[in-house]
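Here the structure comes first, spelled out in structure tokens, and everything after it is commentary.
Every read-out reported here was derived from the displayed coordinates using simple, explicitly stated rules and does not represent laboratory data. Just so we're clear, the structure is a prediction, and the values are computed from it rather than from any experiment. All Cβ positions, even for glycine, are placed from backbone atoms using ideal geometry, and neighbour counts span all protein chains on display.
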Amino acid sequence: MADLYTYTVTPEEAGTRLDIFLAERLTALTRSRLKTLIAAGHASVADRVAGKAGRLLKGGERVVVVVPDPAPPELSYNPVDLDILYEDEDMVVVNKGAGLAVHPGAGRPDSTLVNALIGRPGGLSSVGAPVRPGVVHRLDMDTTGVMVVAKKDISHENLATQFKEHTPDRSYVALVWGVVKKKSGRIDAPLGRDIADRKKISTRSKKTRHAATRYAVLKSFPGFTLVELKPETGRTHQLRVHLTSINHPIVGDPVYGARKPHTGLDKPVYDFIKRIKRQLLHAATLGIKHPVTGEFMEFKAPMPPDMAELVKRLERAAGW
């Protein structure tokens, strides 16, 4: 059943935008949600449909807003075995496994992270519904590691703002082809849709956006390097494309600079790499401010088994 709220604008509030006026009262709803309600005709001022979120109030008017019950979720609940790192009533943090898409898409209607989380106690934020409820940032399907998903609208708005402003402390680890000579550095290369293949992101694009990544060498092996990556921006496929741009693509990446292992490799290493079908990129740490308390929280996830095993084999081959 829909909820109806009635308020009277005080003289002191004259000149206030309607969406701000309502946001100060309906604190459980985000401004984006309120704007949607206003645009859909669910708010009236002085007994007339408001129509615009930016309408300026004069003072003395009666404001009525109807908040309809949320539509039943169109997503199906598909239980998936998840590695939950942290959960409360505002958010859930997971260590996403390889091969798990974040949300449904073309040809992938279910069995995603969102499908697995939507049936948990408290559900997910309605922002982004029906396909991407709660999603404030993403990892590629075959990239593993730490992800946070919002459970409430107000939490969603806060977390999304943090990612938009690039304030979360994020670090990734990747195993790349070749020996990276500089122990640390910064890749500053604008990215956009590739001029020849629109499905790919590239430094060769007619319309690019600023993108920067800092890196540091963790371990070097003959023919390979384990690197730590800290993105300063959050562009699609940024880390994968940036590493390819410096001629060190990620091992197993099927799209950006795929390479085949050469027969001169140590046999256990060669055999293992031949079986890898995904990019060895892992979101190792995520530091964020809690969306309600403001407390800084850091979450960590160990390297996934396939990546950890290859690193061990490289260490053995190097005589470590």
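Within the same chain, aspartates and glutamates fewer than 8 places from Lys181 are excluded, and of the rest, those with a Cα less than 16 Å from its Cα are Glu228. Taking 8 Å as the Cα distance limit and 6 or more residues as the minimum spacing, I'd like the relative contact order of region 3-67 as a percentage. Relative contact order for region 3-67 comes out at 50 percent. Taken about its Cα centre, the chain carries a charge dipole of about 1780 debye when Lys and Arg each add +1 at the Cβ and Asp and Glu each add -1 at the Cβ. Pairs to check: Lys35/Lys199; Lys96/Lys230; Lys151/Lys300. Give those whose C-alpha atoms are more than 27 Å from each other in this structure. Over 27 Å Cα-Cα: Lys35/Lys199.
Counting only C-alpha contacts under 8 Å and six or more residues apart, can you give the relative contact order of region 169-317 as a whole percent? After rounding, I find 24 percent.
A Cβ-based charge dipole, computed about the Cα centre of region 1-130 with Lys and Arg at +1 and Asp and Glu at -1, lands at about 660 debye. For a straight C-alpha distance cut-off of 19 angstrom, the lysines reachable from Lys312 (same-chain residues fewer than eight places away being disregarded) are Lys219, Lys267, Lys274, Lys277. Here region 3-67 is assigned +1 on the Cβ of each Lys and Arg and -1 on the Cβ of each Asp and Glu. Its dipole about the Cα centre then comes out at about 260 debye.
In region 101-254, Cα pairs under 8 Å separated by at least six residues give a relative contact order of 17 percent. The order of the peptides 267-274, 28-35, 153-160 by mean Cβ neighbours within 10 Å, most packed first, is 153-160, 28-35, 267-274. Region 248-294 and region 1-48 have Cα centres separated by 48 Å. Rg and Dmax, both from the Cα atoms of the chain and both in Å, are 23.8, 82.
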